[in-house]
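Some notes on the structure that comes next.
The values are calculated or read from the model by the stated rules, or taken from the named source; none is laboratory data. What you see is a predicted model, and the numbers here were worked out from it, not measured in a lab. Cβ atoms come from the backbone with ideal geometry, glycine included; neighbour counts cover every protein chain shown.
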Amino acid sequence: MKPSRFIYHAPTQIEEVLDLLWEYGDEAKILAGGQSLMPMLNFRLLAPAHLIDINRVKALNQYSLSDSGLTISALARHRDLELSPEVELAYPILHEGLTNIAHVQIRNRGTICGSLAHADSAAELPSIMMALDGQMNVRSKSSRRIVPAGEFFRFHLTSDLDSTELLESVFIPSMKRNSVGAFDEVTRRKGDFALVGAAVVGTWSERGTIEDCRIVCSGVAPTPLRLLEAEELVSGTDLSEEVLVAVQQLVMESLEPTEDVHTSAQYRKKVTGVVVRRGLARLAEQRSVVNV
Amino acid sequence: MSEAVELDPAEAKMWITVTINGSKGTYLVDQRLTLADFIRKQVGLPGTHLGCEHGSCGACTIIMGDKAVRSCLLLAAQADRESIETVESLAEDGVLSPLQEAFHANHALQCGYCTSGFLMSLVARLREGPIESEAQAREALSGNICRCTGYTGMVAALMSLPTPNGQSGGAQ
Amino acid sequence: MTQLSEVRDLEKTANLGTGMLRREDQRLLTGGGQFLDDLPFGDFYEAAILRSNYAHARILSIDTEAAKSLNGVIAVFTASELGPILKDLPPKVTNPKLNYQVRLPIVKEYARYIGEPVAVVVAENRYIAEDALELIEVEYEPLESVGSTAQALKEGAPPVHIGSETNVAVHLIQQAGDPEAALKSSPHVLRETLHVARGGGHSIEARAVAARFDGPTQQLIVWDNTQAPHYVRQMLATIYGVSEDEIRLIAPADIGGGFGPKAQFYGEEVLIPWIAMELNHPVKWIEDRWENFISATMERTQTHHVEVGFDDDGRLLVLKDVFEHDQGAYCVGLKVPTITMSTLPGPYVIPNIHSELISCYTNIVPTSSLRGAGRPQAVVAMERMMDRIAEHLGLEPAEVRRRNLIQPDQFPYAVGLTFRDGSPLTYDSGNYPALLDGVLERIDLAEFRAEQIEARKSGKFLGLGLAMFVEGTGIGPYEGARVRLTNTGRVMVSLAASPQGQGYETVYAQVAADAIGCDIDLVSVRHGDTSFIPYGQGTFASRITSTAGPAVWQASTQVKVDIIDVAASMLKIDSGELVIRGDRVEVGDDPEKGVSLAEIASIANVGRHGMSVARNQPVAIERTSYFKPSQAAYSSGISAIIVSVDVETGKIEILRSILGHDCGTVLNPLLVEGQVLGGHAHGIGNAIYEEAKYSKDGQPLTVSYLDYALPTAMEVPTPELFHVVSPSPLNPLGVKGSGEGGTVPLPASVANAVEDALRPFGARIREIPLTPDRVLAAIYGFQRDET
């Protein structure tokens, strides 16, 4: 389990990274945290001719929190954001998701942008990013574009990035006043990828109803899956027990999940509704905490 | 067939300067050499072990900078200008550190192959703060796999370490 | 001569019975372990192995030219270059009825599982060797394949071995009493089909072999992290056609876990040393994890069709079990299924038994023993049915067990079957009611049942599961130890067997020091090198304590006699008046008068060149002893598990785990508990987490630790452990094995606990491990597509 040969590049400027991507495109891979890429290299599932290590690009190693939102650059590591009290306060759901990723040794190296670009549909961050309506700032030598999280994940392990593009940063808009979120998942062991997971976000109105609810599931489809019907069912309600039971039932009846080596489609069909319900129940619990 | 092989028949190499267990050195490394293989074979510190080479078992855990990381998921090239600590740094003149001593006293190792990785994970964790409950101990151990001990001795070892208030973790 | 003594009273021994801390730890804690790939081999070439990526295929051609021309590649070997060693790797345990199929070190024509060696590349380093693997072109003719016992045994199934009419490897039946008649006349009969899935050993250090031909001594030196160095040497000597003295096999001082797969003999062990000789240059092969997943032997896959007949009181009248066992592509040995056959009856009086094995070939990597070795499956069959009997009669499962237990006064107890060692299945000693009582002292059943009913009201489902077992350990044929007094006055104990973390350097120093009566710091223990002692068998089947232990005891006792006799001669005093204290032999009532062990060594071993020695004075204080047990010694135990099951997600939380264990005399409680605790973790893995999955045609689906779930510290609770001590009469130490007992009952007890928790749903647990998927399937009855 040793990697194939490659030419190693260690640029220090973003422009250099983009030049290298422009030049080598399909033959290159970006090495950020390496916690998904390196296993694939060691297994020789991937054998890029060029490896572009962005760890020396200081400009990419940052995140910033402002009134409008959180910008996370390509090298910001899981652990950096997990340990930030400001991030935890502003986006409790993101913090919760981060603590569920693998183990601390992996989070010490793994990056937020790397996880998103890897686009594992069973991972925590893609569904959380969709639930928070994040935006992907994608850049190549010739262009910049902003891709909404909802359009970024194309298939399991396939993102919208083309071979010359770098996910330079992601932007997560500030959560509205009285917005709440929760992440719930079932894993076999602590730190594993989700058998099923759900990121739910909503805003408590002054009338005591949940509004703008977003429900995004991990592990049930080739991409994170937004459950629009379920969102519609719960939005405008008070998330009473009745509503929770109804949404669980709806998800169970309507979902056609995928099967893989980890669990059956029937399992996912049964349990996705459960994690959605549990996530929403936690939004209901937080109603008393927010200022309604 | 790997294209890289066709592209360049010679192994691409580079110079790196690394501080390992306090001593700084400059090495010519193959660009694709993993940090684990570099430490084990080129530096000659075989106490860091390889168990899975895909980041799951934790046997190769070392400290780079101030963080516990998997050395099988890093390249030696990435360690350029970094500071690295391995299991060989923990005892001084053969005198075990309190953590090592606690492992010994609580039969926290059997075959010992995974032990280096556990120790380095725990050294990094203990620098962040004391372990004060069994739940914290288990969380601290959960990124490494041991197949021999059932973890009981390791949990006991961590609970036996003194905390800042002078009590052992197990007292609570 | 002094009579050889027995150890029966550990209170009178200085070292035995104490939880002495391990001598091995210092080097292992400081990164100074001597694992095979940590040894300073220098310029050894490194090998990588091309493995079949077809579950069944005929190889039409192999083109290695491109690989050979790669910079840094030394050589590439395929079957056509390895003619002299294309010899059968015979099964370790066989049977005349076996549908025998040859297993070669490397594929000659037919590849029969994904992972089977096809070519070996030798290069300057492993990176280049792996590059070269990608340049080898193999033309395969794919053939139909089978990926499970169910597939293999189907009418018209494709043959794993073309030319064989059946995929059945062996069909064996053992009986006691008249089971058919008893089934007909039993007032109650229950039937069930129970399946246990594949799992692996997963020692964190994978396999490794290195070899060098030493020109000056004309000896082949092989380093191999095997559990059985002498066995490997013997196999190599046979295959290479040389005498055993021409091969020195060294199992390094440290081996990173064994658990069974490293006790088997593999093609790689034949290939690497031979290639080193062919190239006249040292070569090493370090198995990586991917290779380990697809080429190291595994275990567990069995499907049991079990019937029990019993009376109105729940007393067993008959047990009938017909089970299918997955042998894999070749028969590495029949030990696992034959152990299953005889482990079934467990601690119970069962007058009529029918135990029937249908073992078959599949296109999957072969199976062999793995911590537990066929016992966990047998215990699942028996103990799941004990719970069903209790349910059927409305009795407590503990009560049904109590009514059927063999009583302490019934030993030796002849079950009426034969064990895998070939001897009658006769339990030597035990106290099974004490094991059950030990659990019942720790769990108040009435209290638990009340709590269970109360918890259900709030949607919490608790369950209690028990499982008891009797485990054959300490099997033959023999194990050896050599004990000698060195020139520095120290005692050197050399063992044939190699340890993988069990602490031999500590516990056998305890045995030798107590046998001799010297200071334990004077005793050194080394192991695993065929040059230390000529014969041995190896570490497997929980056998070393009760075979090597007595051998060390015997040899040390003889050495003590020699030491005292030499001292008597030196001091011109009757040996009866002498005692060994510290590093001296002294006159009992006059400690000033004595000689040191170093002086004794100088007189007896070094001697004076050419001079005669007094008639009664022993020379060359070195004793080698081989202990040969008359039969297996039977350890026993009980597991009690309390779980909480999340009936919405199928997740299982273990709230309590209690383990009662009886392995006879406990020489070092620290080490014994370590063995049991480690086994317990493996058992939790087998019960809930670990499963090697294959597609219907034999494609492995779980080849990384993301897909194959080993339990971490978050999943394994600390069990409450208690010991019952029933010394074995079969050896002078009274010991039995402890390496596997922690694993054996867990799959059954966890399954019993989960089914107990889910009784309100009428859920039936029939498959293990208990993944969330299986638990929900059992509750809601949805069909799973089991292959």
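Restricting A:Pro148, A:Pro85 to residues that are under 30 Å from B:Leu141 (Cβ atoms), surrounded by fewer than 23 Cβ atoms within 10 Å (Cβ to Cβ) and either modelled with pLDDT of 95 or more or within 14 Å of chain B (Cβ to nearest Cβ) (or both) narrows the list to A:Pro85.
Mind counting the residues in the stretch A:262-274 that are within 22 Å of A:Gly181 (Cα to Cα) and either surrounded by fewer than 24 Cβ atoms within 10 Å (Cβ to Cβ) or at the interface with another protein chain (Cβ under 8 Å from one of its Cβ atoms) (or both)? Qualifying residue count for the region: 2. Among the residues of the stretch C:737-787, those identified as in contact (Cβ under 8 Å) with a residue 12 or more places away in the chain, more than 13 Å from chain A (Cβ to nearest Cβ) and over 22 Å from C:Ser639 (Cβ atoms) are C:Pro760, C:Phe761.
For C:Ser612, the criteria (1) surrounded by fewer than 20 Cβ atoms within 10 Å (Cβ to Cβ); (2) polar (S, T, N, Q); (3) touching a residue at least 24 places away in the same chain (Cβ under 8 Å) hold in every case but one, which is (3).
Within the stretch C:230-256, residues that are away from chain B (no Cβ under 14 Å) and touching a residue at least 12 places away in the same chain (Cβ under 8 Å) have Cβ atoms under 8 Å from residues that are part of a helix (DSSP H, G or I) and of a type in the set (Asp, Glu) in these pairs: C:Val232/C:Glu269; C:Arg233/C:Glu244; C:Met235/C:Glu269; C:Leu236/C:Glu269, counting only partners at least 6 apart in sequence or on another chain. Just one of the listed residues (C:Arg623, C:Arg543) is closer than 30 Å to C:Arg375 by Cα, in contact with a strand residue (DSSP E or B) (Cβ under 7 Å, 6 or more places away or on another chain) and crowded, with 17+ Cβ neighbours inside 10 Å, and it is C:Arg543. Residue count for the stretch C:268-281 under the criterion of being over 14 Å from C:Tyr240 (Cβ atoms) and buried (at least 21 other Cβ atoms within 10 Å of the Cβ): the result is 1.
Among residues belonging to the stretch B:119-154 that are among the charged types (D, E, K, R) and closer than 26 Å to C:Val672 by Cα, point out the one that is farthest from the other protein chains (Cβ to nearest Cβ).
Within the stretch B:119-154, the subset among the charged types (D, E, K, R) is B:125, B:127-128, B:132, B:134, B:138-139, B:147.
Then keep just the ones that are closer than 26 Å to C:Val672 by Cα; that gives B:134, B:138, B:147.
Values: B:Glu134: 8, B:Arg138: 4, B:Arg147: 5 Å.
So, considering only residues that are among the charged types (D, E, K, R) and closer than 26 Å to C:Val672 by Cα, the one farthest from the other protein chains (Cβ to nearest Cβ) is B:Glu134.
Can you name the residue in the stretch B:101-118 that is within 7 Å of chain C (Cβ to nearest Cβ) and among the aliphatic types (A, V, I, L, M) and is also surrounded by the most Cβ atoms within 10 Å (Cβ to Cβ) among such residues? Don't jump to the end; show me each part of the working.
Taking the stretch B:101-118 as the starting set, the residues that turn out to be within 7 Å of chain C (Cβ to nearest Cβ) are B:103-105, B:107, B:109-116.
From what is left, the residues that are among the aliphatic types (A, V, I, L, M) are B:105, B:109.
Working: B:Ala105: 16, B:Leu109: 29.
Only one residue fits best here, namely B:Leu109.
Give C:Leu70, C:Leu89 a once-over and let me know the one that is crowded, with 16+ Cβ neighbours inside 10 Å and within 14 Å of another protein chain (Cβ to nearest Cβ). Steps first, answer last, please.
Working: C:Leu89 fails: within 14 Å of another protein chain (Cβ to nearest Cβ).
Just a single option satisfies the conditions, and that option is C:Leu70.
Within the stretch C:358-384, being assigned to a strand (DSSP E or B) and crowded, with 24+ Cβ neighbours inside 10 Å holds for C:Ser359, C:Cys360, C:Tyr361, C:Thr367. Which residues, taken from the stretch C:294-332, are assigned to a loop (DSSP other than H, G, I, E, B) and either touching a strand residue (DSSP E or B) at 6+ places or on another chain (Cβ under 9 Å) or basic (Lys, Arg) (or both)? Selection gives C:Thr297, C:Arg300, C:Thr301, C:Asp311, C:Asp312, C:Gly314, C:Arg315, C:Ala329, C:Tyr330, C:Cys331, C:Val332.
Which residue out of C:Ile638, C:Ile658, C:Ile654, C:Ile642 is in a strand (DSSP E or B), at pLDDT 95 or above, in contact with a strand residue (DSSP E or B) (Cβ under 7 Å, 6 or more places away or on another chain) and within 13 Å of chain B (Cβ to nearest Cβ)?
Numbers: C:Ile638 fails: within 13 Å of chain B (Cβ to nearest Cβ); C:Ile658 fails: within 13 Å of chain B (Cβ to nearest Cβ); C:Ile642 fails: within 13 Å of chain B (Cβ to nearest Cβ).
Just one listed residue meets the conditions, C:Ile654.
Among the conditions (1) free of Cβ contacts under 8 Å to residues at least 60 places away in the same chain; (2) closer than 17 Å to A:Ser169 by Cβ, A:Val17 misses just one, which is (1). Listed by first and then second residue, the pairs with beta-carbon distance under 6 Å, at least 6 apart or on different chains, first residue in the stretch C:499-525 and touching a residue at least 60 places away in the same chain (Cβ under 8 Å), second of a type in the set (Lys, Arg), are C:Gly503/C:Arg22; C:Glu505/C:Arg23; C:Thr506/C:Arg22; C:Thr506/C:Arg23; C:Ile516/C:Lys560; C:Leu522/C:Arg490.
Of all the criteria given as (1) under 12 Å from the mean Cα position of the chain (by Cα); (2) within 21 Å of A:Val276 (Cα to Cα), the one not satisfied by A:Gln135 is (2). A search for C-beta distances below 9 Å between a residue of the stretch A:187-205 that is more than 14 Å from chain C (Cβ to nearest Cβ) and any residue that is of a type in the set (S, T, N, Q) and buried (at least 24 other Cβ atoms within 10 Å of the Cβ), counting only pairs 6+ apart in sequence or on different chains, returns A:Ala199/A:Ser127; A:Ala199/A:Ser218.
Looking at the structure I just gave you, is C:Tyr694 crowded, with 22+ Cβ neighbours inside 10 Å, within 13 Å of another protein chain (Cβ to nearest Cβ) and either out of contact with any Asp or Glu (no Cβ under 8 Å at 6 or more places or on another chain) or closer than 27 Å to B:His54 by Cα (or both)? Yes, satisfied.
One residue alone among C:Leu710, C:Leu667, C:Leu671 is over 15 Å from C:Arg198 (Cβ atoms), at the interface with chain B (Cβ under 8 Å from one of its Cβ atoms), touching a helix residue (DSSP H, G or I) at 6+ places or on another chain (Cβ under 8 Å) and in contact (Cβ under 8 Å) with a residue 12 or more places away in the chain, and that residue is C:Leu671. Do we have C:Pro117 as touching a Pro at 6+ places or on another chain (Cβ under 8 Å), away from every other protein chain (no Cβ under 14 Å), touching a residue at least 40 places away in the same chain (Cβ under 8 Å) and farther than 30 Å from B:Val87 by Cα here? Here the answer is yes, as C:Pro117 does meet what is asked.
The numbered conditions (1) surrounded by fewer than 21 Cβ atoms within 10 Å (Cβ to Cβ); (2) more than 14 Å from chain B (Cβ to nearest Cβ); (3) assigned to a loop (DSSP other than H, G, I, E, B) are all true for C:Arg58 except (3).
For the stretch C:501-509, the count of residues that are buried (at least 24 other Cβ atoms within 10 Å of the Cβ), part of a strand (DSSP E or B) and out of contact with any Lys or Arg (no Cβ under 9 Å at 6 or more places or on another chain) is zero. In summary, strands (runs of 3 or more DSSP E) completely within the stretch A:1-54 and bearing 3 or more residues that are more than 9 Å from chain B (Cβ to nearest Cβ), modelled with pLDDT of 95 or more and on the phi < 0 side of the Ramachandran plot occur at A:28-31.
Looking across the stretch C:413-435, just one residue is assigned to a loop (DSSP other than H, G, I, E, B) and free of Cβ contacts under 8 Å to residues at least 24 places away in the same chain, and that is C:Gly422.
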